[in-house]
1. Rounded to the nearest 0.05, what FRET efficiency do D80 and S5 have when you use their Cβ-Cβ distance and R0 = 35 Å?
2. Calculate how steeply helix 108-120 sits against the longest principal axis of the alpha-carbon atoms of the chain, using the helix alpha-carbon long axis, and give the answer as 0 to 90 degrees to the nearest 10.
3. Could you give the length gained by full extension between I103 and R31, i.e. 0.36 nm per residue of separation minus their alpha carbon distance, to one decimal place?
4. Can you give the calculated 222 nm mean residue ellipticity of the chain, where each DSSP H run of n ≥ 4 adds -39,500 (n - 2.57) and the sum is split over every residue, rounded to the nearest 500 deg cm²/dmol?
5. Once you list every other residue whose beta carbon is under 15 Å from the beta carbon of Q125, what net charge do they have if Lys and Arg are +1 and Asp and Glu are -1?
6. Could you list L93, L84 in order of exposure, starting from the residue whose Cβ has the fewest other Cβ atoms within 10 Å?
7. Can you list the residues of the stretch 84-112 with backbone N under 13 Å from a point 7 Å past the Cα of H65, pointing along Cα to Cβ?
8. Rounded, prolate or oblate for the stretch 54-138? Axes are the square roots of the Cα gyration tensor eigenvalues, ordered a ≥ b ≥ c, and the cut-off for rounded is a/c under 1.5.
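Just so it is clear, none of the values below were taken in a lab; they were calculated from the coordinates. Just so it is clear, the structure is predicted and the values come from calculations on it, not from any experiment. Glycine also receives a Cβ, built like all others from the backbone with ideal geometry; neighbour counts cover every protein chain displayed.
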Amino acid sequence: MGFLSRIGVALDSDLLARFDRFITKQGYTNRSEAFRDLIRDRLVAVAIEDPRAPVVGTVTLIYDHHSRLLPEKLMNLQHDHHDLIICATHAHLDHDTCLEVIILKGEAKRVQRLADTLIGTKGVQHGRLVMSSPTSYLSKTA
Ligand code: NI
């Protein structure tokens, strides 16, 4: 982390009012932290657009474990890509429904491809990938 720099930002008053309402709703108590978070969020979004960027990600899957061969297919996919997977957590939400969260780390394009395959596996009811890039990665890629 670098030293703290102070900057002045000129904003249209209507835009500032909208920003203040937004950050209040989000629970921010000061503008500086909200600005910092927005900047970081945008930097991460741009960094992970590079297919070769090193990323971390979570894939959340919801599925019925009675779906024919589905648990085995999901397990086989994970073993086939063990180099990308840090760990997986499984929760039995009710008698039928499973929630699985898989934590991945690797090249953006490979993480995205594996997530698409997992989410697109027949029987998966809902899935989502969230990718991020830790600050230490950002400093190397930005
Ligand atoms: Ni389960």
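1. Working from the Cβ atoms, E equals 0.15.
2. Taking the Cα atoms of the chain, the angle to 108-120 is about 50 degrees.
3. My answer for the length gained is 22.7 nm.
4. -13500 deg cm²/dmol
5. Net of charged neighbours comes to 0.
6. Ranking L93, L84 by Cβ neighbours within 10 Å, fewest first, gives L93, L84.
7. Under 13 Å, as judged by backbone N against the label point of H65, lie 89-101 of the stretch 84-112.
8. Prolate, because a/c is 1.5 or more and a/b exceeds b/c.
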